[in-house]
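Student: A single structure is presented below for examination.
The values are calculated or read from the model by the stated rules, or taken from the named source; none is laboratory data. Values in this document were obtained by computation on a predicted structure and should not be read as measured data. Cβ placement follows ideal geometry from the backbone for every residue including glycine, while neighbour counts extend to all protein chains displayed. Side chains are part of the model used for accessible areas, which takes the heavy atoms of the whole protein and leaves out ligands, DNA and RNA. Shrake-Rupley method; radii C 1.70, N 1.55, O 1.52, S 1.80 Å.
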Amino acid sequence: ADVSYEACVVKTDEETGQGLAGAVFSVYRDGEYQTEVTTGEDGKAVYCDRETLEASSDEVRYCSNYEELDAETQKEIQGCKSEEEARAQAQAQADERLAAMKNSASHTYTLVEVKAREGYYKDPDSGRAEMTVGADGYQEVALTNRPTRGEIRLLKQDLEADASVSQGTASLEGA
C-alpha cells in the first residue's frame, strides 16, 4: 500500500503576520538530507514524501481433496478445507499486518532554514522545526522572521589622505 507524509512550514513576518516568499529550507527525514524547499507567496513550503508498505501472510495450508474424504476423516482436518478458504485467510492475515504497519509508520522531518527572504534576518535559533508525521499524515509548523532595520555601508579610505580617493597611481578598486 502506498502511504504519504506531508511536512509543511509556514514562514511569516514577525511583525505583520504576512507570509514570506523566498525562504529556503533543507529537509531531513529521520536525519537524512532529502532536498530543499522554498516558500511560495503565501509563505508555505510543503515537502511530500511517499513510500510503499508491503505485508505478507504466513504459509496457509489446505486440504485439496476435503470433499472426497469420509466424515470421520473430515473431522480430523485442521485448517482450511479449500483453496478459496486458504486464499481468503492469507489475504485477511496480510491485510491485518498491513493495517498494523500503517498505524505504526511515521517519520521525523526536520526543516532547517538555510536562506531567509531578502530583507529579513535568518535567526539560527528559531529557523529550525522538527515534526513527526504518521502515514497519510500532514503536519504544519509556523516560523517567523523579523525584518532587518537599516543598512551598513562600508567605505574604504586612504589613511593618509583621510578620503576615499587614492594617492598617486595607487587604486582602491576592489578593496
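Student: Can you tell me which of 5, 47 is touching a His at 6+ places or on another chain (Cβ under 6 Å) and not basic (Lys, Arg)?
Tutor: Details: 47 fails: touching a His at 6+ places or on another chain (Cβ under 6 Å).
From the options 5, 47, the qualifying one is 5.
Student: Between 58, 30, which is open to solvent by 30 Å² or more (accessible area, probe 1.4 Å), in contact with a helix residue (DSSP H, G or I) (Cβ under 7 Å, 6 or more places away or on another chain) and not hydroxyl-bearing (Ser, Thr, Tyr)? Don't jump to the end; show me each part of the working.
Tutor: Details: 30 fails: in contact with a helix residue (DSSP H, G or I) (Cβ under 7 Å, 6 or more places away or on another chain).
Of the residues listed, the single one that is open to solvent by 30 Å² or more (accessible area, probe 1.4 Å), in contact with a helix residue (DSSP H, G or I) (Cβ under 7 Å, 6 or more places away or on another chain) and not hydroxyl-bearing (Ser, Thr, Tyr) is 58.
Student: I've got another one for you. Six or more apart or on different chains, Cβ under 6 Å: which pairs go from a residue in the range 22-46 that's in a strand (DSSP E or B) to one that's of a type in the set (Lys, Arg)? Could you list them?
Tutor: 24/115
Student: Sort out which residues of the range 69-86 are touching a residue at least 12 places away in the same chain (Cβ under 8 Å), on the phi < 0 side of the Ramachandran plot and exposed (fewer than 15 other Cβ atoms within 10 Å of the Cβ), and write them in order of number.
Tutor: At the first step, the residues of the range 69-86 found to be touching a residue at least 12 places away in the same chain (Cβ under 8 Å) are 77, 79-83, 85-86.
Now restrict to residues that are on the phi < 0 side of the Ramachandran plot: 77, 80-83, 85-86.
The answer is 77, 82, 83.
Student: Let me ask another. Which members of the range 118-147 meet the condition of being open to solvent by 90 Å² or more (accessible area, probe 1.4 Å), at pLDDT below 90 and either basic (Lys, Arg) or within 14 Å of the chain's Cα centre (by Cα) (or both)?
Tutor: Result: 128, 146.
Student: How many residues are farther than 30 Å from residue 11 by Cα, among the charged types (D, E, K, R) and within 45 Å of the chain's Cα centre (by Cα) when one looks only at the range 44-76?
Tutor: Kept after step one, since they are farther than 30 Å from residue 11 by Cα, are these residues of the range 44-76: 52-76.
Okay, now just the ones that are also among the charged types (D, E, K, R), so 54, 58-59, 61, 67-68, 70, 72, 75-76.
If we keep only those that are within 45 Å of the chain's Cα centre (by Cα) too, we end up with 54, 58-59, 61.
Qualifying residue count for the region: 4.
Student: Looking at the range 148-166, can you tell me whether even one residue there is modelled with pLDDT of 90 or more, of a type in the set (D, E, K, R) and surrounded by 11 or more Cβ atoms within 10 Å (Cβ to Cβ)?
Tutor: The initial filter retains those residues of the range 148-166 that are modelled with pLDDT of 90 or more, namely none.
Scanning the range 148-166 turns up no residue that is modelled with pLDDT of 90 or more, of a type in the set (D, E, K, R) and surrounded by 11 or more Cβ atoms within 10 Å (Cβ to Cβ).
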